[in-house]
Amino acid sequence: MAVFGKTPSTNRVNALVLDGFSLSGNLDRGLLRLQNLQILSLARNNFTGSINPDLTSLGNLQVLDFSDNNLCGPIPNGFFQQCWSLRAVSFANNNLSGKVPESLSSCTSLETLNFSSNQLHGIIGNMAVFGKTPSTNRVNVLVLDGFSLSGNIDRGLLRLQNLQILSLARNNFTGSINPDLTSLGNLQVLDFSDNNLCGPIPNGFFQQCWSLRAVSFANNNLSGKVPESLSSCTSLETLNFSSNQLHGELPSGIWYLKGLQSLDFSSNLLEGEIREGIQNLYDLKELRLGKNRFSGRLPADIGGCLLLKLIDFSDNFQNFSLMMWID
């Protein structure tokens, strides 16, 4: 990397993309000579050592991607203090540790942030830095999977009115589901799988979810019934509430979500018969309802789901029969 920036001509470089080159070593300071750099992507390499705190001093930098490397140590406290032009940052799949610095709120142009699959920790209070000013409301992707974040789901997230993807999976969040999360009118992907959320799904949770395409609260401690308002999510393609403690019957409105491709309520306490209407799910490819307490027979009209590739009704309670439609 040291060859860059040695002459005025190399300073004209505005995009440097060397993904998957098996490059190794520390992040060289030679990169800092590229003052016109707008895109720096060195993903899927073998870089080690810590994050260079001066990288964000590149005043024109818009995209910074060091995902899938072996970087370690904390995010430098001042790393985000000079990131006025940054729009997308990813350090996913490294070995970073420590807390997310409060200086993150200085990134007023940030649209995409991905620090998933590291060893970062802290509390959701750090998320309150978002949305404090109109400019920070530009964030449309927030992925903080595997951060060991804890506490309740902070209302500061609701300030991110442009958010399209919110993924906080594999953390230690507790408390109940914030009923206002689906009021984010542009939200398409919502993933809180593998946390410790508890209590019922709020009755009105699905009433404002017109744009939602994928929802996962798998592997939590949710209880109660699946609310009838689920039928309002007409754009849903993927729904996963597996490995919780939900009980009662599946609401009949679920069979009218015609865009649904994957449905997973396995490993719950659901019961009763599967009602007619499943044939309305024309695009359904995966149906997982195993390890529940369903009884009766599977409706014969499931044969109308022509794209169905995976069906799991294993380990259900009482006399559950598939023979009616297999014949």
Legend entry - Output for segment 159-209, where each listed residue is under 27 Å from Ala88 (Cα atoms), touching a Lys or Arg at 6+ places or on another chain (Cβ under 8 Å) and not polar (S, T, N, Q): Arg159, Asp180, Val189, Asp194
Inset, instruction - Identify the single condition in (1) in a helix (DSSP H, G or I); (2) exposed (fewer than 14 other Cβ atoms within 10 Å of the Cβ) that Tyr282 does not satisfy, given that it satisfies every other one. - result: (1)
Legend entry - Subset of segment 81-128 [modelled with pLDDT under 85 and aromatic (Phe, Trp, Tyr)]: Trp84
Legend entry - Thr234 in contact (Cβ under 8 Å) with a residue 12 or more places away in the chain, loosely packed, with under 15 Cβ neighbours inside 10 Å and under 20 Å from Asp191 (Cα atoms): yes
Legend entry - Within segment 164-179, tally of residues that are in contact with a Phe, Trp or Tyr (Cβ under 9 Å, 6 or more places away or on another chain), on the phi < 0 side of the Ramachandran plot and not polar (S, T, N, Q): 6
Inset, instruction - Output yes when any residue across segment 92-99 is farther than 23 Å from Leu157 by Cβ, surrounded by 19 or more Cβ atoms within 10 Å (Cβ to Cβ) and in contact (Cβ under 8 Å) with a residue 40 or more places away in the chain, and no when none is. - result: no
Legend entry - Some residue of segment 160-180 being modelled with pLDDT under 85 and surrounded by 20 or more Cβ atoms within 10 Å (Cβ to Cβ): yes
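Quick grid of which residues meet (1) of a type in the set (A, V, I, L, M, F, W, C); (2) exposed (fewer than 15 other Cβ atoms within 10 Å of the Cβ); (3) free of Cβ contacts under 8 Å to residues at least 24 places away in the same chain:
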residue: Phe205; (1), (2), (3): yes, no, no
residue: Gly224; (1), (2), (3): no, no, no
residue: Leu230; (1), (2), (3): yes, no, no
residue: Ser242; (1), (2), (3): no, no, no
residue: Gly248; (1), (2), (3): no, yes, no
residue: Trp255; (1), (2), (3): yes, no, no
Legend entry - Spans of strands (runs of 3 or more DSSP E) in segment 184-279 with at least 3 residues among the small types (Gly, Ala, Ser) and within 15 Å of the chain's Cα centre (by Cα): none
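Answer yes if at least one residue in segment 2-21 is crowded, with 16+ Cβ neighbours inside 10 Å and out of contact with any Ser or Thr (no Cβ under 9 Å at 6 or more places or on another chain), and no otherwise.
Checked against the condition, which is being crowded, with 16+ Cβ neighbours inside 10 Å and out of contact with any Ser or Thr (no Cβ under 9 Å at 6 or more places or on another chain), segment 2-21 yields at least one hit.
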Inset, instruction - Please enumerate the residues belonging to segment 63-89 that are touching a Pro at 6+ places or on another chain (Cβ under 7 Å) and either surrounded by fewer than 19 Cβ atoms within 10 Å (Cβ to Cβ) or among the β-branched types (Val, Ile, Thr) (or both). - result: Ile75, Pro76, Asn77, Gly78
Inset, instruction - Quick one: Leu96 ticks every box in (1) of a type outside the set (Val, Ile, Thr); (2) part of a loop (DSSP other than H, G, I, E, B); (3) within 20 Å of the chain's Cα centre (by Cα) except a single one, so which number is it? - result: (2)
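Quick grid of which residues meet (1) of a type outside the set (Phe, Trp, Tyr); (2) touching a Leu at 6+ places or on another chain (Cβ under 7 Å):
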residue	(1), (2)
Asp154	yes, no
Phe173	no, yes
Pro179	yes, no
Thr182	yes, yes
Legend entry - Asp315 vs. criteria in contact with a Gly (Cβ under 8 Å, 6 or more places away or on another chain), more than 26 Å from Gln188 (Cα to Cα) and part of a loop (DSSP other than H, G, I, E, B): yes
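The values are calculated or read from the model by the stated rules, or taken from the named source; none is laboratory data. Quick caveat: nothing in here was measured; it's all calculated off a predicted structure. As a convention, Cβ positions derive from the backbone with ideal geometry for all residues, glycine included, and neighbour counts pool all protein chains shown.
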